[in-house]
1. Quick one: Thr125 ticks every box in (1) near the ligand (Cβ under 8 Å from one of its atoms); (2) hydroxyl-bearing (Ser, Thr, Tyr); (3) more than 30 Å from Ala85 (Cβ to Cβ) bar one, so which box is it?
2. Between residues in the range 1-16 that are acidic (Asp, Glu) and residues that are surrounded by 15 or more Cβ atoms within 10 Å (Cβ to Cβ) and modelled with pLDDT of 95 or more, which pairs lie under 8 Å by C-beta distance while being six or more apart or on different chains?
3. Looking at Gly146, Gly97, Gly117, which is the one that is surrounded by fewer than 21 Cβ atoms within 10 Å (Cβ to Cβ), within 17 Å of the chain's Cα centre (by Cα) and more than 9 Å from the ligand (Cβ to nearest atom)?
4. Within the range 32-70, can you find the residues that are assigned to a helix (DSSP H, G or I), polar (S, T, N, Q) and either within 18 Å of Leu127 (Cβ to Cβ) or in contact with a Cys (Cβ under 8 Å, 6 or more places away or on another chain) (or both)?
5. Among what's in the range 128-143 and is in a strand (DSSP E or B) and farther than 20 Å from Leu243 by Cα, pick the residue that is farthest from the ligand (Cβ to nearest atom).
6. From Lys213, Lys147, Lys193, grab the single residue that is at pLDDT 95 or above and out of contact with any Cys (no Cβ under 9 Å at 6 or more places or on another chain).
7. Being within 29 Å of Ser145 (Cα to Cα) and crowded, with 19+ Cβ neighbours inside 10 Å is the requirement here; does Val20 meet it?
8. Tell me, which residue of the range 42-91 that is touching a Leu at 6+ places or on another chain (Cβ under 9 Å), farther than 30 Å from Asp246 by Cα and polar (S, T, N, Q) is surrounded by the most Cβ atoms within 10 Å (Cβ to Cβ)?
Amino acid sequence: MKVPVALGARSYDVIIGPGVRHRLGEVLVEEGAGSQACVLITSASLRTLPWFDAAFDVATHVIEVPEGESAKTFETLERVCDELASLRVSRADVVVGVGGGALTDLAGFAAAVYLRGVRLIQVPTTLVGQVDAAIGGKTAVNLASGKNLVGAFHQPVAVVCDYETLETLPERERLSGLGEVAKCWLLEGGRAKDLSETSLEDLIILSVTLKAKIVSADEFEGGRRALLNYGHTLAHALEVLVLERDPDELRHGEAVSIGLGFAARLAHALGRVDASVILNHDQVLEALGLRARVPRDLGTDEIIRAMSHDKKARHDLTFVLAGPGGFDVVRDVDPLVVARVLEEFRGEQ
Ligand SMILES: NC(=O)c1ccc[n+]([C@@H]2O[C@H](COP(=O)([O-])OP(=O)(O)OC[C@H]3O[C@@H](n4cnc5c(N)ncnc54)[C@H](O)[C@@H]3O)[C@@H](O)[C@H]2O)c1
């Protein structure tokens, strides 16, 4: 199955299905015309997994980077670019990122800046990567002062989402991905009762299709793309606060689940939706096995301060919220209302 991301001359397909990694050679022929080198960027442990097989023999070179988030540094970016240069990779060649969202963010950024841009194919192997990170061209590394603070928009020429790679995913990573899936399901107006008839594959297709549609309409996040940040104002604040003490305490999707439960309550408190919306959010999260609990030891005041420093906010409190006509970006929300709803939400837990 192919989901198109329509961006004029930079349009591409997201190819989804079991075993589609074996079509990488075909994709290279179609999208990599004129290339002489195909450089795969991945990690050492991913290379040992059963799905990392003949499909990837199409690569002429492999560059290994550290696992997960620790790959998203300037140091690794510099080393990758140095290796690309010593391999004499030219603008006609292709870089392929194989891994989770952190890895595809790094590979994407390297492809964006090496020689001012080379062609990129993303092969996301986590649920977060498949439904979110690898699609839409946002690439980045982290700074000591924050996540994703330096990056570029660089669209891939193709994205290959193979469900089979998800079979080795640890449960916690799967649940983290389901947080983003829950966001897409809710943004599409999905109801909890219909989830039992929907397979994971269908949920991936729904999420990819939604992201592709929104990115096609707003590539550089000037408007509609901000809706993909549903649940993320609180999620980012919690991530920033726990990151300082333990980077593994809260996975992104877990934080998004909390943010979704809270956003429904805030929308209700602001008179935008009725209580059935809260119930549906709670039931969707429960059906997907997600727990929406704010870490107990974080204070409401510090969470609110962190929310107003969100990259997407303008030093005010900005949320994506459900409303009578669908979802909107709502700016300048009264901090007293936010504090009250947050306290009540925590009281329920
Ligand atoms: N660019 C975007 O639009 C965008 C969107 C969402 C998230 N992101 C970024 O994505 C990152 C999070 O991505 P993630 O949740 O995929 O985590 P991750 O990339 O850190 O991967 C988590 C772990 O799973 C391992 N892994 C990957 N695939 C596996 C597989 N098939 N089987 C077993 N283990 C596997 C990785 O090696 C890593 O140790 C963050 O850095 C976030 O900023 C970017």
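1. The failed condition is (3).
2. Filtered contacts from the range 1-16: Asp13/Val3; Asp13/Val5; Asp13/Ala158; Asp13/Val159.
3. Values: Gly97 fails: surrounded by fewer than 21 Cβ atoms within 10 Å (Cβ to Cβ); Gly117 fails: within 17 Å of the chain's Cα centre (by Cα).
None of the others qualify; the one that does is Gly146.
4. Hit for the range 32-70 is Ser45, nothing else.
5. Our first condition is that a residue be in a strand (DSSP E or B); within the range 128-143, this holds for 138-143.
Keeping just the survivors that are farther than 20 Å from Leu243 by Cα gives 138-139.
On the way: Lys138: 4, Thr139: 6 Å.
Residue satisfying both the conditions and the ranking: Thr139.
6. The conditions single out Lys213.
7. Values: within 29 Å of Ser145 (Cα to Cα): no; crowded, with 19+ Cβ neighbours inside 10 Å: yes.
The answer is no for Val20.
8. For the range 42-91, the residue satisfying everything is Thr60.
The values are calculated or read from the model by the stated rules, or taken from the named source; none is laboratory data. Model, not experiment: these values are computed from the prediction. Neighbour counts run over all protein chains shown; Cβ positions are idealised from the backbone, glycine included.
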